[in-house]
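First comes the structure, then the notes that go with it.
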Amino acid sequence: MTSPAATLSWSSSSWLHSLGGCSNEASESSDRRSAMVVIAQKKAKKTRKIILKEDTEYLGKKGQLLDVKAGYYRNYLLPMGKAQIVTPVLLKEMRMEEERIEAEKKRVKEEAQQLALMFETVGAFKVKRKGGKGKLIFGSVTAQDLVDIIKAQLQREVDKRIVVLPEIRETGEYIAELKLHPEVTARVRLNVFAN
């Protein structure tokens with residue numbers, strides 16, 4: 001029977017020998033085993049690169065590129081039709097769609113700028129109201145009144161929700177704003193007089 005110390009020294013020397021730590025050439029030539037060293041690594045993250053097909057709460061907006069876990073994509077986004085795996089063809093289509101949308105936004109903005117220039121070069125729109133004492137008028141001038149005048153004089157349809165008017169209860173000259181685009185605002189002069 002061998003002692004535990006002898007067993008321990010034998011097993012540790014064979015372990016060192018298998019790693020190439022033993023310098024005894026006689027034992028090295030007799031034992032030609034190769035040692036495989038395993039180094040622990042982190043578990044690989046499994047994510048998928050996706051494009052959202054619609055706005056998703058807590059995740060992103062339509063057309064946004066995201067990295068999500070494979071299970072979330074497979075079990076929720078794919079069955080609900082909210083996302084699609086990114087492919088080169090899909091990326092190309094997405095870029096073309098973005099370019100088309102940008103061109104459309106630019107066209108709409110230019111159209112709004114031309115319309116604003118037209119409104120500003122017209123001059124002042126004249127509004128007649130029944131007069132009261134001094135400079136007061138009966139009633140007030142509303143956004144709908146301005147829309148009706150623009151339609152009559154310029155044959156242009158304008159939504160009354162884009163018209164911003166100060167409170168007009170007296171005769172005089174006023175400035176109204178037409179918000180034709182988020183970045184384009186036309187300033188229109190109004191001459192209010194009593195008849």
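Within the shell defined by Cβ-Cβ distances under 9 Å, the residues around residue 47 carry a net charge of +4, with Lys and Arg each +1 and Asp and Glu each -1. Approximating the spin labels as points 7 Å out from Cα along Cα→Cβ, the residue 109-to-residue 94 distance works out to 2.3 nm. Using only side-chain charges placed at the Cβ, +1 for Lys and Arg and -1 for Asp and Glu, the dipole size of region 41-195 relative to its Cα centre rounds to 760 debye. Among 69/105; 46/82; 105/126; 42/69; 42/62, which pairs are too far apart, with a Cα-Cα distance over 28 Å? Where the Cα-Cα span goes over 28 Å, the pairs concerned are 69/105; 105/126; 42/62.
Take residue 100: with every protein chain present and a 1.4 Å probe, its accessible area is about 130 Å². Specify whether the C-alpha gyration tensor of region 79-141 places it in the rounded, prolate or oblate class, a ≥ b ≥ c being the square roots of the eigenvalues: rounded for a/c under 1.5, otherwise prolate if a/b is larger than b/c and oblate if not. Oblate, because a/c is 1.5 or more while a/b does not exceed b/c. Counting heavy atoms of the protein chains only and a 1.4 Å probe, report the per residue accessible area for region 51-195 as a whole number of Å². Dividing the accessible area of region 51-195 by its residue count gives 70 Å². Solvent-free Debye calculation, one equal scatterer per alpha-carbon of region 67-195: log10 I(q)/I(0) at 0.18, 0.19, 0.22, 0.23 Å⁻¹ equals -0.96, -1.03, -1.23, -1.29. If R0 equals 22 Å, the separation of the Cβ atoms of residue 194 and residue 142 corresponds to a calculated FRET efficiency of about 0.85. Pairwise inverse Cα distances across region 102-176, averaged and inverted, put the Kirkwood hydrodynamic radius at 14.1 Å.
Need the full-extension length gain, residue 101 to residue 124, defined as separation in residues times 0.36 nm minus the C-alpha distance. One decimal, nm. Working shown, then result.
Values: separation 23, 0.36 × 23 = 8.28 nm, distance 3.59 nm.
Stretched fully, the residue 101-residue 124 segment lengthens by 4.7 nm.
Here region 135-195 exposes an accessible surface that is 48 percent carbon and sulfur, computed with a 1.4 Å probe and the other protein chains kept in place.
The string of couplings for region 184-191 from the Karplus curve (6.51, -1.76, 1.60, θ = phi - 60°) is 10, 10, 9, 9, 10, 8, 10, 9 Hz, one whole number per residue in order, with x for Gly and Pro.
Fully extending the segment from residue 55 to residue 36, taken as 0.36 nm per residue of separation minus the present Cα-Cα distance, adds 1.8 nm.
How about region 109-155: which trypsin sites (Lys or Arg not before Pro) there are in a DSSP loop, with at most 11 other Cβ atoms within 10 Å of their Cβ? Show your work: numbers first, answer last.
On the way: sites: 109, 126, 128, 129, 130, 133, 135, 151; in loops: 130, 133, 135.
Hits after loop and neighbour filter: 130, 133.
A Förster distance of 35 Å, applied to the separation of the beta-carbon atoms of residue 164 and residue 75, puts the FRET efficiency at 0.10.
The values are calculated or read from the model by the stated rules, or taken from the named source; none is laboratory data. Please read these numbers as outputs of a predicted model, since none were measured by experiment. A quick note on method: Cβ atoms are made from the backbone with ideal geometry, for glycine too, and the neighbour counts reach across all protein chains shown. The protein model used for the area step is the full one, side chains on, heavy atoms only, and it has no ligands, DNA or RNA in it. Shrake-Rupley method; radii C 1.70, N 1.55, O 1.52, S 1.80 Å.
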